[in-house]
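Please read the structure below before turning to the comments.
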């Protein structure tokens, strides 16, 4: 699946690992460079503009419904795009507080399997681990995935920094200057989010099993959309990862 | 506190709890080796689901197809052509906007 990778746009954990090995003792070119926060920031940089654009569309959509200040505060303290869009749109459609919150939380339920996956890579006692896990967002978690069942903590925490700057900056611009931009749908901004996830997905198609998991995950999710509350289809799609079970 | 702010605070608090469960429950324990391949495939499974749900899930548990599907197909082409992510999402938005203007 190498042909589908966009590895020219950002450095994956694999490649950084490969570079480390090359510059290690066997490479003979001095000290091996450990992966640090800077590597994570660098890996996340190509995603700043796309994230900024999606943040802008969130700001534009949320400002008339909850106000500019609340829209910006939401991006800062919730910091989970898909859930923010879902909760705000439910409130905007006249839904109750309970339904808006539970829809957002269901969508964020994917952070449960994601947190289990990244857990062994985190450091310290329970509180510190929980704190480090707060830096987990979709893009940085995917970047930190080494593809061998392990995650790199520094890559994840580092890559979240440009994610935050893009998301918060975009929301501010969208919430404050949204009326100048016009209708997000006319501009096709609703296609940004699925295209962004597709770009993250392309990086993950490392082998046949990954491709099969992706196809099965998509099929499970689509099949469940008509029958389950929002969020559940994506969580259930994590079952597709069982294709990777060793025999 | 208004409904909007209450929603934000509850959603933020709930998300903190969800993100904390795995790391607190597992601590520093490694996952069993049998599960390594499963963990490695979580990202493709979840990301593929996010793509299709974002694209096709409409209001009230309906499935809908609109012009944004064309935009995402174009984005797929841009990825195969190894364009940078910025170009990929820009193409998705431009094709979607173009299709809406024409169709």
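Taken together, the values in this text are just the output of simple stated rules run on the coordinates, not laboratory data. Everything numeric here is computed off the predicted structure, so don't read it as measured data. Backbone-built Cβ (ideal geometry, glycine too); neighbour counts: all protein chains shown.
How do A:36, A:138 line up, fewest other C-beta atoms within 10 Å first?
Ascending Cβ contact count within 10 Å gives the list A:36, A:138.
Does the range A:123-169 come out rounded, prolate or oblate by the C-alpha gyration tensor, with a ≥ b ≥ c the root eigenvalues, rounded set by a/c under 1.5 and, if not, prolate when a/b is larger than b/c and oblate if not?
oblate
Provide A:69, B:70 in ascending order of the number of other Cβ atoms located within 10 Å of each residue's Cβ, fewest first.
By the 10 Å Cβ count, ascending: A:69, B:70.
From the P(r) of the range B:1-101, could you give the percentage of C-alpha pairs in the tail past 18 Å?
Of all Cα-Cα pairs in the range B:1-101, 70 percent lie more than 18 Å apart.
For chain B, what is the relative contact order in percent, using Cα pairs closer than 8 Å and at least 6 residues apart in sequence?
18
Roughly how tilted is helix A:48-66, in degrees to the nearest 10 and between 0 and 90, from the longest Cα axis of chain A?
Compared with the principal axis, the helix lies near 20 degrees.
Using only the Cα atoms of the range A:177-247, what semi-axes does the equivalent ellipsoid have when each is the square root of 5 times a gyration tensor eigenvalue? Give whole Å, largest first.
31, 17, 8
What is the pair-distance distribution P(r) of the range A:44-86, computed from all Cα-Cα distances in 5 Å bins starting at 0, with each bin given as a whole percent?
5, 23, 34, 25, 9, 3, 1
Could you tell me what a quarter of the Cα convex hull surface of chain A works out to, in nm² with one decimal place?
15.7
Test of understanding: in a Gaussian network model of chain A with alpha carbons linked when under 10 Å, which of A:195, A:144, A:221 would top the mean-square fluctuation ranking?
In this elastic network of chain A, the residue with the biggest mean-square fluctuation among A:195, A:144, A:221 is A:195.
Considering Cα pairs under 8 angstrom that are at least six residues apart, work out the relative contact order of chain A and quote it in whole percent.
Result for chain A is 31 percent.
I need the Kirkwood Rh of the range A:28-103: take the reciprocal of the average 1/r across all distinct C-alpha pairs and report it in angstrom.
Radius from the Kirkwood sum: 14.6 Å.
Over the Cα atoms, compute the radius of gyration (one decimal) and Dmax (the largest Cα-Cα distance, rounded to a whole number) for the range A:109-238, in Å.
Spelled out, the Cα radius of gyration and Dmax of the range A:109-238 are 16.9, 49 Å.
Please list log₁₀ I(q)/I(0) at q = 0.22 Å⁻¹ for the range B:44-103, using the Debye equation with identical point scatterers on the alpha-carbon positions.
At q = 0.22 Å⁻¹ the computed log10 ratios are -0.92.
I'd like the orientation of helix A:192-204 relative to chain A: the angle between its Cα long axis and the longest Cα principal axis, in ° from 0 to 90, rounded to 10.
With both axes taken from Cα atoms, the answer is about 20 degrees.
What is the projected area of the convex hull of the Cα atoms of the range A:22-163, averaged over all directions, in nm²?
10.3
Please give the Cα centre distance for the range A:179-221 versus the range A:115-164, rounded to the nearest Å.
For the range A:179-221 versus the range A:115-164, the Cα centre distance is 21 Å.
Using the count of nearby Cβ atoms within 10 Å as a rough guide to exposure, how do B:46, A:201, A:116, A:180 rank from fewest to most?
With the fewest neighbours first, B:46, A:201, A:116, A:180 line up as A:180, A:116, A:201, B:46.
How far is helix A:153-181 tilted, in degrees, relative to the longest principal axis of the Cα atoms in chain A, given as a value from 0 to 90 rounded to the nearest 10?
Roughly 30 degrees between the two axes.
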